[in-house]
Amino acid sequence: MEVRGYVKEYYGLTEISVNPKYGDYVKVLGTAPVPEPVTLPSGNVSQEKWESVLVKVVGVTVVDPDLGYGEWLVDDGSGPVRIDDLIYRYTPEYGQKFDYIIGPVYYSYGNFKIEPRGPEDLKEYIPEIKIAELNVDRSLVKGVPAPISVLIKNDGIFSENVTLLIYANDEILLNTSLILDPGMNYSTTTTWTPSSTGDAVIRAEIVGYDEKYVPVTVYENPQTVAFTIVTYYHYRYEKYWTILSPLYEQFDALMTELQKYNVDLGPLQDEIEKIESNMQQINEEYSKYESLKIYKEWLLSSTYATHKKSGAVK
């Protein structure tokens, strides 16, 4: 397009005035794509050379949501610029952030202003704060501290003041606040000592942004199992073994003696086999008990040595 006319100021706005009587004209020369907006720091927009130019400010925050007459103020840190509602009206909130705002620059009442043309000229900022990793073993042991590590990221363009919470079920294990700058990663580790067995949920939450869950299962401590089993079988075996063992020896000796004299044990054979089978099973279980008893003694000696080393035992 070609425009011929004379330049004038109209209420402070520079214009080209076209009057065909004086040979002025507007001539269409062809078609072309709409030019991309000029990206400027917000503090540089308020200059006459940008009047009526399509501009774009990025990474801006609302520093005053109501200047009156539908105008509001944004700043990317380089200085403020007004946003007006001459073409499109938008009602912002204080502190609201925008990826970008686009519009031609207009001048009125002593101020330069960006005039968005529609909703597509304002892109609200959606924070890109996320929990990248939540790591914890899915099988835990009662009474044994379990490390829980979390990695959070800020993939956005603004610094964000965030609060990170880590839970085990409803128990808060960690509550910390920090400023997460653009592109920044933050990792931390805490521990949880389960006090009961069963299913549980480990949860990490960035308040207002993101959360992640990891289901875990807490098992009984092997030491507790070993102590319990050994104690139980100790009562059973130590009480009855001194009686049962001699009786079976007598029974075995008697069977051997009767077989020497070819005594017919046919009517009792089924019962004899049952006794021998039961005794074999008892011996197998007793061997397990002996192994557990050795393990228990090792645990006791290890625990004692640990406490002695730490000074808990004199």
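For region 155-166, the criterion of being more than 23 Å from I101 (Cα to Cα) and acidic (D, E) is met by none of the residues. For region 171-207, the set of residues classified as assigned to a loop (DSSP other than H, G, I, E, B) and open to solvent by 80 Å² or more (accessible area, probe 1.4 Å) consists of S195 only. Of all residues in region 89-120 being touching an Asp or Glu at 6+ places or on another chain (Cβ under 9 Å) and basic (K, R), which is least open to solvent (accessible area, probe 1.4 Å)? Among those residues, the one meeting the criterion is K113.
Summed over region 135-152, residues that are closer than 10 Å to W192 by Cα, at pLDDT below 95 and loosely packed, with under 13 Cβ neighbours inside 10 Å total 1.
When L86, L73 are checked against the criterion of being of a type in the set (A, V, I, L, M), free of Cβ contacts under 8 Å to residues at least 12 places away in the same chain and surrounded by 13 or more Cβ atoms within 10 Å (Cβ to Cβ), a single residue qualifies: L73. Of the strands (runs of 3 or more DSSP E) lying entirely inside region 1-103, the ones with 2 or more residues being modelled with pLDDT of 95 or more are found at 54-68, 71-75, 80-83. Kindly provide the set of residues from region 5-20 that are touching a strand residue (DSSP E or B) at 6+ places or on another chain (Cβ under 7 Å), exposed (fewer than 13 other Cβ atoms within 10 Å of the Cβ) and more than 17 Å from V53 (Cβ to Cβ), ordered by number. Y6, K8, Y11, S17 - these are the residues of region 5-20 that are touching a strand residue (DSSP E or B) at 6+ places or on another chain (Cβ under 7 Å), exposed (fewer than 13 other Cβ atoms within 10 Å of the Cβ) and more than 17 Å from V53 (Cβ to Cβ).
The values are calculated or read from the model by the stated rules, or taken from the named source; none is laboratory data. What you see is a predicted model, and the numbers here were worked out from it, not measured in a lab. Neighbour counts run over all protein chains shown; Cβ positions are idealised from the backbone, glycine included. Note: accessible area is taken over every heavy atom of the protein model, side chains too, but ligands, DNA and RNA are not part of it. Shrake-Rupley method; radii C 1.70, N 1.55, O 1.52, S 1.80 Å.
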